[in-house]
Amino acid sequence: MYGDCGHGMIFLAMGVILCLFEEKIKTTSMKGLLMARYFLLMMGFFAVFQGLIYNEFFAVPNNWFGTCYGNE
């Protein structure tokens, strides 16, 4: 598991799509992915959460929320 907002959003979107379109996907050759739909959903959610804590978006550090380690 990694903390990155950008990559986490991709996994989150994949999980949401697999959960929302479960009935349509069951009739295709991608039905094997349905076993991992909740795993992808939660992995994406928590990767986005950790990415917000780490301030990273696609491995690029950002300063969205500042830091508690200031130059004193």
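The values are calculated or read from the model by the stated rules, or taken from the named source; none is laboratory data. On a predicted model such as this, the values are computed, not experimentally measured, just so you know. Neighbour counts are summed over all protein chains in view; Cβ atoms, including those assigned to glycine, are modelled from backbone coordinates with ideal geometry.
Note on segment 6-32: residues that are surrounded by 15 or more Cβ atoms within 10 Å (Cβ to Cβ) and farther than 17 Å from Gln50 by Cβ amount to 5. In segment 26-63, of all residues being free of Cβ contacts under 8 Å to residues at least 40 places away in the same chain and in a loop (DSSP other than H, G, I, E, B), the one that is nearest to the chain's Cα centre (by Cα) corresponds to Asn55. With respect to the conditions (1) modelled with pLDDT under 90; (2) assigned to a helix (DSSP H, G or I); (3) within 13 Å of the chain's Cα centre (by Cα); (4) exposed (fewer than 13 other Cβ atoms within 10 Å of the Cβ), Met1 falls short on a single one, namely (2). Of everything in segment 4-25, what is over 8 Å from the mean Cα position of the chain (by Cα) and assigned to a helix (DSSP H, G or I)? Give them in sequence order. Met14, Gly15, Val16, Ile17, Leu18, Cys19, Leu20, Glu22, Glu23, Lys24, Ile25 - these are the residues of segment 4-25 that are over 8 Å from the mean Cα position of the chain (by Cα) and assigned to a helix (DSSP H, G or I).
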